[in-house]
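*Asks:* Pasting in a structure now, in structure tokens, and then I'll have a few things to ask.
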Amino acid sequence: MPLAGIPLLNIVIVLVVVGVVLWLINNFIPMAGSIKTILNVVVVIFVAIWVLQAVGMWGRITSYRFTQ
């Protein structure tokens with residue numbers, strides 16, 4: 001069953017690919033630990049936003065209004 005146009009299998013495949021690429025970068029590309037941390041945080045934030053958009057929840061989050 002598609003979620004907002006993207007099948008669940010595609011979401012899982014993208015998450016696995018991003019995870020493997022991030023693991024390869026962290027283990028085999030030499031760089032400072034602080035840069036790796038920043039890279040990891042940025043990738044996780046972008047992937048989280050993409051998943052929220054893919055399942056149709058990003059609009060609810062961005063349009064949420066606090067009322068008194």
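*Asks:* Could you grab the pairs with beta carbons closer than 8 Å, sequence gap of 6+ or different chains, first residue in the stretch 18-38 and among the β-branched types (Val, Ile, Thr), second one in a helix (DSSP H, G or I)?
*Replies:* 18/43; 18/47; 25/36; 25/39
*Asks:* Under the condition of being over 12 Å from residue 15 (Cα atoms) and of a type in the set (A, V, I, L, M), which residue from the stretch 39-48 is nearest to the chain's Cα centre (by Cα)?
*Replies:* 45
*Asks:* Identify all residues within the stretch 32-54 that are touching a helix residue (DSSP H, G or I) at 6+ places or on another chain (Cβ under 8 Å) and loosely packed, with under 14 Cβ neighbours inside 10 Å; write none if there are none.
*Replies:* 40, 49
*Asks:* I would also like to ask the following. What number of residues in the stretch 35-68 are modelled with pLDDT of 95 or more and hydroxyl-bearing (Ser, Thr, Tyr)?
*Replies:* Of the residues in that region, 1 qualify.
The values are calculated or read from the model by the stated rules, or taken from the named source; none is laboratory data. Keep in mind the model is a prediction, meaning the values are calculated, not measured. Positions of Cβ are generated from backbone atoms using ideal geometry, with glycine treated the same way; all protein chains shown enter the neighbour counts.
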